[in-house]
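A short worksheet on the structure shown next.
The values are calculated or read from the model by the stated rules, or taken from the named source; none is laboratory data. Just so it is clear, the structure is predicted and the values come from calculations on it, not from any experiment. When we count neighbours, we look across all protein chains shown, and the Cβ atoms used for this are built from the backbone with ideal geometry, even at glycine. Calculation scope for accessible area: heavy atoms of the full protein, side chains included, ligands and nucleic acids excluded. Shrake-Rupley method; radii C 1.70, N 1.55, O 1.52, S 1.80 Å.
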Amino acid sequence: MADKSFFLKGSNHLDWGMQSRLSRIFNPETGRSVMLAFDHGFIMGPTTGVERIDQSIVPLIPYADCLMCTRGILRSMIPPSCNKPVCMRSDAGSSILTKLNNNVVIDIEDAVRLNVSAMAVMVAVGDPDFEAQTVANLTEAVDAGQAAGIPIMGVTAVGKDMVRDARYFGLASRICAENGANIVKTYYTEGFEKVVSCCPVPIVIAGGKKLPEKEALELAYNAIQCGASGVDMGRNVFQSEAPTAMIQAVSAVVHKGMNPNDAFQLYNDLKASRS
């Protein structure tokens, strides 16, 4: 019998291949996902916590619903036997030493060869220099993804001069969806329920900079309560004092609706059990 429990906003028009890949990313029982992001190196180099992917990230793989990484790390460091869906970072063009200019999109054939479940492309809404280019990148990726049956995640950029409120994230998220993104990754902010309600496809939140563990759990909880379909956390997991405990606590918030106090207690209990 077909599983009828899985349904995401904006997914009823998609073909079987797209639906299949999305159902790998989002848990069919909850419709939510805990994505583990460790793509930071493609612009930031060996960020603290991901200097050694084999030591810091590979042990966390069993606890994630989806991995978000670059094709280089996927090929060189992630065991093919891990059997987890991958959202591959598919834009490039700059490092933290230069201004944002993500003007290259990885060829769809490489995504097919790597058997990824989605491709992530940055969109710099509001940037006078790069908005048009990055929106064009997204539409190019969407067209290629539709042909290959691979979903595209639009990632909303946040620059130093960009506002970080519900109006901006609502605008950026809707632009990603209007241009064909199947998933949007954006940031949590006050009034986030309006951002979610006005976006016709699933939203996952970025974890952003490292927060104290309880605050990161509160961030995840608040986003889920506002209607987010998951989290894509990196530094708040792999820079935690106990990364394995942290990702399990985040998963409890996302999939079980555990409140931040109980999730923080779970984190501490798991942390103590491994000490």
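Worth pointing out:
- Cα gyration tensor shape for the chain, rounded if a/c is under 1.5, else prolate or oblate: rounded
- Only helices enter this figure: runs of n ≥ 4 DSSP H residues, each worth -39500 (n - 2.57), summed and divided by the residues of the chain, yield -12000 deg cm²/dmol at 222 nm to the nearest 500.
- Global geometry of the stretch 208-275, whether rounded, prolate or oblate, following the gyration tensor of its Cα atoms and the 1.5 cut on a/c: oblate
- Between the residues 208, 244, 33, the greatest Cα displacement towards the positive end of the dipole of the chain, with unit charges on the Cβ of Lys, Arg, Asp and Glu, is found for 244.
- Cβ-based net charge around residue 108, under 15 Å, with every Lys or Arg adding one and every Asp or Glu removing one: -2
- Per residue value of the accessible surface for the chain (all protein chains in place, 1.4 Å probe), Å²: 45
- The stretch 122-206 - percent of accessible surface contributed by carbon and sulfur, probe 1.4 Å: 49
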